[in-house]
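Shown next, in C-alpha coordinates, is the structure this report addresses.
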(Lines give C-alpha, C1' and ligand atoms only; values in the text may rest on other atoms or scores of the structure.)
Protein backbone atom coordinates (compact mmCIF):
# COMPACT_ATOMS: atom_id res chain seq x y z
CA UNK A 1 0.00 0.00 0.00
CA UNK A 2 1.36 3.39 -0.95
CA UNK A 3 2.70 5.47 1.93
CA UNK A 4 1.58 8.69 0.26
CA UNK A 5 -1.91 7.34 0.00
CA UNK A 6 -1.99 6.53 3.68
CA UNK A 7 -1.06 10.08 4.52
CA UNK A 8 -4.04 11.47 2.66
CA UNK A 9 -6.64 10.14 5.02
CA UNK A 10 -6.99 8.10 8.16
CA UNK A 11 -8.50 4.70 8.40
CA UNK A 12 -12.27 4.60 8.81
CA UNK A 13 -11.97 1.29 10.59
CA UNK A 14 -12.19 -2.28 9.41
CA UNK A 15 -15.43 -3.83 8.32
CA UNK A 16 -17.32 -5.72 11.01
CA UNK A 17 -18.29 -9.26 10.18
CA UNK A 18 -22.09 -9.29 10.10
CA UNK A 19 -22.72 -12.82 8.85
CA UNK A 20 -21.05 -15.74 7.17
CA UNK A 21 -21.64 -13.92 3.90
CA UNK A 22 -19.40 -10.88 3.82
CA UNK A 23 -21.58 -7.78 3.75
CA UNK A 24 -20.29 -4.26 3.11
CA UNK A 25 -21.20 -1.92 5.96
CA UNK A 26 -22.39 0.98 3.80
CA UNK A 27 -25.80 1.38 2.16
CA UNK A 28 -27.35 -1.59 3.96
CA UNK A 29 -30.66 -0.04 5.02
CA UNK A 30 -33.93 -0.92 3.28
CA UNK A 31 -35.00 1.17 0.32
CA UNK A 32 -35.01 3.84 -0.82
CA UNK A 33 -31.40 2.83 -1.21
CA UNK A 34 -28.75 5.52 -0.89
CA UNK A 35 -25.11 5.63 -1.84
CA UNK A 36 -22.92 6.42 1.16
CA UNK A 37 -20.01 8.85 0.86
CA UNK A 38 -16.75 7.56 -0.52
CA UNK A 39 -14.77 6.49 2.59
CA UNK A 40 -11.68 8.51 1.60
CA UNK A 41 -10.64 11.40 -0.60
CA UNK A 42 -11.20 10.95 -4.33
CA UNK A 43 -7.44 11.22 -4.95
CA UNK A 44 -6.45 8.79 -2.19
CA UNK A 45 -5.93 5.83 -4.52
CA UNK A 46 -3.63 7.69 -6.91
CA UNK A 47 -1.43 6.86 -8.76
CA UNK A 48 -2.71 3.27 -8.94
CA UNK A 49 -6.24 4.52 -9.64
CA UNK A 50 -6.41 8.20 -10.50
CA UNK A 51 -8.74 10.70 -8.91
CA UNK A 52 -10.37 11.18 -12.30
CA UNK A 53 -11.18 7.48 -12.57
CA UNK A 54 -12.42 7.30 -8.99
CA UNK A 55 -14.59 10.37 -9.55
CA UNK A 56 -16.22 9.01 -12.68
CA UNK A 57 -16.53 5.52 -11.27
CA UNK A 58 -18.10 6.61 -7.99
CA UNK A 59 -20.18 9.65 -8.96
CA UNK A 60 -21.38 8.46 -12.35
CA UNK A 61 -21.43 4.66 -12.50
CA UNK A 62 -21.91 3.62 -8.87
CA UNK A 63 -24.48 6.32 -8.17
CA UNK A 64 -26.42 5.35 -11.31
CA UNK A 65 -26.95 1.84 -9.96
CA UNK A 66 -28.63 3.26 -6.86
CA UNK A 67 -30.76 5.65 -8.90
CA UNK A 68 -31.87 2.87 -11.25
CA UNK A 69 -32.52 0.47 -8.38
CA UNK A 70 -34.77 2.90 -6.53
CA UNK A 71 -36.78 3.48 -9.69
CA UNK A 72 -37.12 -0.23 -10.43
CA UNK A 73 -38.13 -1.38 -6.91
CA UNK A 74 -40.66 1.37 -6.23
CA UNK A 75 -43.97 -0.23 -5.30
CA UNK A 76 -42.53 -3.77 -5.37
CA UNK A 77 -41.83 -6.31 -2.64
CA UNK A 78 -38.13 -5.51 -2.94
CA UNK A 79 -38.51 -1.92 -1.79
CA UNK A 80 -38.59 -2.89 1.89
CA UNK A 81 -35.60 -5.25 1.77
CA UNK A 82 -31.98 -4.54 2.59
CA UNK A 83 -29.64 -4.27 -0.36
CA UNK A 84 -28.02 -7.68 0.09
CA UNK A 85 -31.47 -9.23 0.47
CA UNK A 86 -32.53 -7.78 -2.88
CA UNK A 87 -29.43 -9.29 -4.49
CA UNK A 88 -30.17 -12.75 -3.12
CA UNK A 89 -33.90 -12.57 -3.85
CA UNK A 90 -33.44 -11.60 -7.50
CA UNK A 91 -30.30 -13.60 -8.34
CA UNK A 92 -32.11 -16.18 -10.48
CA UNK A 93 -34.65 -13.81 -11.98
CA UNK A 94 -35.37 -12.94 -15.59
CA UNK A 95 -37.10 -10.17 -17.48
CA UNK A 96 -37.70 -6.90 -15.63
CA UNK A 97 -36.66 -8.43 -12.31
CA UNK A 98 -33.25 -9.21 -13.80
CA UNK A 99 -32.79 -5.46 -14.15
CA UNK A 100 -33.36 -5.14 -10.41
CA UNK A 101 -30.70 -7.78 -9.78
CA UNK A 102 -28.18 -6.12 -12.09
CA UNK A 103 -28.48 -2.75 -10.40
CA UNK A 104 -28.73 -4.09 -6.83
CA UNK A 105 -25.73 -6.37 -7.37
CA UNK A 106 -23.63 -3.61 -8.88
CA UNK A 107 -24.55 -1.25 -6.04
CA UNK A 108 -23.52 -3.94 -3.53
CA UNK A 109 -20.39 -4.92 -5.47
CA UNK A 110 -19.12 -1.37 -5.44
CA UNK A 111 -19.84 -0.90 -1.74
CA UNK A 112 -17.46 -3.79 -1.08
CA UNK A 113 -15.01 -2.54 -3.70
CA UNK A 114 -14.53 0.95 -2.21
CA UNK A 115 -14.31 -0.33 1.38
CA UNK A 116 -11.48 -2.74 0.66
CA UNK A 117 -9.22 0.18 -0.26
CA UNK A 118 -9.67 2.01 3.05
CA UNK A 119 -6.21 3.49 3.79
CA UNK A 120 -4.23 2.68 6.89
CA UNK A 121 -4.21 -1.10 6.98
CA UNK A 122 -1.85 -3.89 5.99
CA UNK A 123 -0.81 -4.00 2.33
CA UNK A 124 -0.01 -7.72 2.52
CA UNK A 125 -2.00 -10.52 4.16
CA UNK A 126 -0.75 -11.79 7.50
CA UNK A 127 -1.24 -14.74 9.86
CA UNK A 128 -4.36 -16.79 9.03
CA UNK A 129 -5.08 -15.01 5.72
CA UNK A 130 -1.52 -15.51 4.54
CA UNK A 131 -1.67 -19.18 5.51
CA UNK A 132 -4.91 -19.67 3.61
CA UNK A 133 -3.50 -18.01 0.50
CA UNK A 134 -0.46 -20.26 0.78
CA UNK A 135 -2.67 -23.33 0.98
CA UNK A 136 -4.92 -22.32 -1.91
CA UNK A 137 -2.48 -20.65 -4.31
CA UNK A 138 1.02 -21.56 -3.15
CA UNK A 139 1.72 -18.08 -1.79
CA UNK A 140 1.41 -14.43 -2.73
CA UNK A 141 2.84 -14.70 -6.25
CA UNK A 142 0.59 -17.66 -6.99
CA UNK A 143 -2.41 -15.69 -5.77
CA UNK A 144 -1.66 -12.71 -8.02
CA UNK A 145 -0.94 -14.92 -11.02
CA UNK A 146 -4.18 -16.83 -10.48
CA UNK A 147 -6.09 -13.54 -10.39
CA UNK A 148 -4.63 -12.65 -13.77
CA UNK A 149 -5.52 -16.07 -15.17
CA UNK A 150 -9.07 -15.90 -13.85
CA UNK A 151 -9.53 -12.42 -15.30
CA UNK A 152 -8.91 -13.87 -18.76
CA UNK A 153 -11.83 -16.25 -18.27
CA UNK A 154 -14.27 -13.34 -17.91
CA UNK A 155 -15.51 -12.35 -21.35
CA UNK A 156 -16.22 -8.64 -21.50
CA UNK A 157 -17.38 -6.99 -18.28
CA UNK A 158 -17.35 -8.61 -14.87
CA UNK A 159 -15.50 -9.16 -11.62
CA UNK A 160 -12.85 -11.34 -9.98
CA UNK A 161 -13.84 -12.46 -6.49
CA UNK A 162 -11.90 -14.02 -3.65
CA UNK A 163 -14.34 -16.47 -2.10
CA UNK A 164 -14.36 -19.95 -0.59
CA UNK A 165 -14.98 -23.40 -2.02
CA UNK A 166 -17.63 -25.63 -0.46
CA UNK A 167 -14.88 -27.73 1.12
CA UNK A 168 -13.45 -24.63 2.78
CA UNK A 169 -10.36 -23.54 0.84
CA UNK A 170 -10.09 -20.12 -0.75
CA UNK A 171 -10.62 -19.69 -4.47
CA UNK A 172 -10.64 -16.93 -7.05
CA UNK A 173 -13.62 -16.97 -9.36
CA UNK A 174 -14.63 -14.76 -12.25
CA UNK A 175 -18.22 -13.73 -12.93
CA UNK A 176 -19.50 -11.79 -15.90
CA UNK A 177 -21.45 -8.54 -15.61
CA UNK A 178 -22.94 -7.89 -12.14
CA UNK A 179 -22.78 -11.42 -10.73
CA UNK A 180 -21.12 -11.93 -7.36
CA UNK A 181 -20.61 -14.71 -4.78
CA UNK A 182 -23.53 -13.43 -2.68
CA UNK A 183 -25.90 -14.41 -5.48
CA UNK A 184 -24.65 -18.00 -5.25
CA UNK A 185 -24.65 -18.31 -1.47
CA UNK A 186 -20.90 -17.83 -1.17
CA UNK A 187 -18.85 -15.31 0.84
CA UNK A 188 -17.19 -12.35 -0.89
CA UNK A 189 -13.87 -11.34 0.66
CA UNK A 190 -12.31 -9.26 -2.12
CA UNK A 191 -13.56 -8.02 -5.49
CA UNK A 192 -11.68 -6.59 -8.46
CA UNK A 193 -13.78 -4.69 -10.98
CA UNK A 194 -13.08 -5.69 -14.59
CA UNK A 195 -15.48 -3.22 -16.17
CA UNK A 196 -13.48 -0.84 -18.36
CA UNK A 197 -14.67 2.25 -16.50
CA UNK A 198 -12.65 0.96 -13.52
CA UNK A 199 -9.29 1.20 -15.28
CA UNK A 200 -9.33 2.31 -18.91
CA UNK A 201 -8.52 5.99 -18.35
CA UNK A 202 -5.42 5.00 -16.40
CA UNK A 203 -4.31 1.79 -18.13
CA UNK A 204 -6.08 1.74 -21.54
CA UNK A 205 -6.11 -1.95 -22.54
CA UNK A 206 -3.50 -3.04 -19.95
CA UNK A 207 -6.02 -4.76 -17.70
CA UNK A 208 -3.44 -7.12 -16.23
CA UNK A 209 -1.30 -4.18 -15.08
CA UNK A 210 -4.31 -2.67 -13.36
CA UNK A 211 -5.15 -5.91 -11.55
CA UNK A 212 -1.59 -6.49 -10.40
CA UNK A 213 -1.13 -2.91 -9.16
CA UNK A 214 -4.47 -2.95 -7.36
CA UNK A 215 -3.69 -6.19 -5.52
CA UNK A 216 -0.14 -5.22 -4.66
CA UNK A 217 -0.64 -1.57 -3.68
CA UNK A 218 -4.23 -0.77 -2.75
CA UNK A 219 -5.98 -3.59 -0.92
CA UNK A 220 -6.32 -3.18 2.83
CA UNK A 221 -5.85 -6.75 4.02
CA UNK A 222 -7.16 -5.91 7.47
CA UNK A 223 -10.55 -5.35 5.83
CA UNK A 224 -10.26 -8.66 3.99
CA UNK A 225 -9.30 -10.45 7.21
CA UNK A 226 -12.33 -9.00 8.98
CA UNK A 227 -14.59 -10.19 6.18
CA UNK A 228 -13.08 -13.64 6.60
CA UNK A 229 -13.65 -13.47 10.33
CA UNK A 230 -9.99 -14.07 11.20
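Scan the range 48-59 residue by residue and report those that are surrounded by fewer than 15 Cβ atoms within 10 Å (Cβ to Cβ) and in contact with a helix residue (DSSP H, G or I) (Cβ under 8 Å, 6 or more places away or on another chain). Of everything in the range 48-59, just one residue is surrounded by fewer than 15 Cβ atoms within 10 Å (Cβ to Cβ) and in contact with a helix residue (DSSP H, G or I) (Cβ under 8 Å, 6 or more places away or on another chain), namely 52. Tell me yes or no: at least one residue of the range 106-121 is without any contact (Cβ under 8 Å) to a residue 60 or more places away in the chain, closer than 20 Å to residue 221 by Cβ and more than 16 Å from the chain's Cα centre (by Cα). Looking through the range 106-121, none of the residues is without any contact (Cβ under 8 Å) to a residue 60 or more places away in the chain, closer than 20 Å to residue 221 by Cβ and more than 16 Å from the chain's Cα centre (by Cα). Filtered by the rule that a residue be under 14 Å from the mean Cα position of the chain (by Cα) and in a strand (DSSP E or B), the range 166-200 gives 172, 173, 174, 175, 176, 190, 191, 192, 193. Applying the condition of being surrounded by fewer than 22 Cβ atoms within 10 Å (Cβ to Cβ) and assigned to a helix (DSSP H, G or I) to the range 85-99 and asking which residue is farthest from the chain's Cα centre (by Cα) yields 96. Beta carbons closer than 8 Å, at least 6 apart along the sequence or on distinct chains, pair a first residue in the range 153-171 that is at positive phi and surrounded by 17 or more Cβ atoms within 10 Å (Cβ to Cβ) with a second that is at pLDDT 95 or above and in a strand (DSSP E or B) for 158/174; 158/175; 158/176. Please indicate, with yes or no, whether at least one residue in the range 180-193 is over 28 Å from residue 83 (Cα atoms), out of contact with any strand residue (DSSP E or B) (no Cβ under 9 Å at 6 or more places or on another chain) and crowded, with 17+ Cβ neighbours inside 10 Å. Looking for residues that are over 28 Å from residue 83 (Cα atoms), out of contact with any strand residue (DSSP E or B) (no Cβ under 9 Å at 6 or more places or on another chain) and crowded, with 17+ Cβ neighbours inside 10 Å, one finds none in the range 180-193, hence no.
The values are calculated or read from the model by the stated rules, or taken from the named source; none is laboratory data. Predicted model, so just to flag it, every value in this text is computed and none were measured. With ideal geometry, Cβ positions are generated from the backbone for all residues, glycine too; neighbour counts draw on all protein chains shown.
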